[in-house]
Amino acid sequence: QVQLVESGGGLVQPGGSLRLSCAVSGSFFSIGTMGWYRQAPGKQRELVADITSLGIIKYAASVKGRFTISRDNAKNTVYLQMNSLKPEDTAVYYCNARLNGLSTWGQGTQVTASS
């Protein structure tokens, strides 16, 4: 069974940093675009950033300049470095990847920026 395993969430003070990781486990023959989404209470899930297999990157306007997405194809892992976190970044962050042609979601990890 192919799945995405996330780690790295937590509680941080505003202005702080966190790094999220998402690794693919299980058998697969292709990995396409990988990305991070987030969902705050009472809001719709939104794209934070994604990166194609060729390294083309897209960011939400709200995180541009503060967050950096990267991927290690040898490790089948995508990362999200989050700097200068704001209270409005507080949400459950979900990893997403196109595995074997299908959109696959991780279980989600809570990120809270609060003093």
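The values are calculated or read from the model by the stated rules, or taken from the named source; none is laboratory data. Only a predicted model underlies this, so the values are computations on that prediction, with no experimental measurement involved. Note that each Cβ is placed from the backbone with ideal geometry, even for glycine, and that neighbours are counted across all protein chains shown. Remember, those area values only see protein heavy atoms, side chains included, never the ligands or the DNA or RNA. Shrake-Rupley method; radii C 1.70, N 1.55, O 1.52, S 1.80 Å.
Sequence-ordered 3J(HN,Hα) estimates for region 57-66 from the Karplus curve with 6.51, -1.76 and 1.60 and θ = phi - 60° stand at 10, 9, 10, 5, 4, 6, 10, 4, x, 10 Hz, glycine and proline given as x.
Backbone amide hydrogens, once placed in the peptide plane, bring residue 48 within less than 5 Å of 36, 37, 38, excluding anything fewer than 5 places away on its chain. If only the Cβ of Lys and Arg carry +1 and only the Cβ of Asp and Glu carry -1, the dipole of region 17-82 around its Cα centre is close to 200 debye. Full extension of the chain segment joining residue 56 with residue 102 gains 14.6 nm, where the gain is 0.36 nm per residue of separation less the Cα-Cα distance. Excluding same-chain neighbours fewer than eight residues apart, the aspartates and glutamates reachable from residue 64 by a Cα-Cα span under 18 Å are 46, 50, 88, 89. Under the criterion of Cα pairs below 8 Å and six or more residues apart, the relative contact order for the chain equals 37 percent. Fully extending the segment from residue 83 to residue 40 would add 13.6 nm, taking 0.36 nm per residue of separation and subtracting the current Cα-Cα distance. Charged side chains reduced to their Cβ positions (Lys and Arg at +1, Asp and Glu at -1) give the chain a dipole of some 140 debye around its Cα centre.
Potential lengthening of the chain between residue 30 and residue 5 amounts to 7.3 nm, from the contour at 0.36 nm per residue minus the alpha-carbon distance.
At a 1.4 Å probe, what is the % contribution of carbon and sulfur to the accessible area of the chain? The C+S portion of the solvent-accessible surface of the chain is 50 percent. For region 11-21, putting each phi into the Karplus relation 6.51 cos²θ - 1.76 cosθ + 1.60 with θ = phi - 60° gives couplings of 9, 9, 6, x, x, x, 10, 9, 10, 9, 10 Hz, in residue order, rounded to whole numbers and with x for Gly and Pro.
Could you list which residues have their amide H under 5 Å from that of residue 86, counting only those 5 or more apart in sequence or on another chain, with H placed in the peptide plane? Amide H neighbours of residue 86: 15. Take every Cα-Cα pair in the chain and report what % of them are more than 19 Å apart. Result for the distance tail: 40 percent.
Solvent-accessible surface of the chain, averaged per residue with a 1.4 angstrom probe and all protein chains in place: 53 square angstrom. Taking the DSSP beta bridges with both ends in the chain, the antiparallel portion is around 95 percent.
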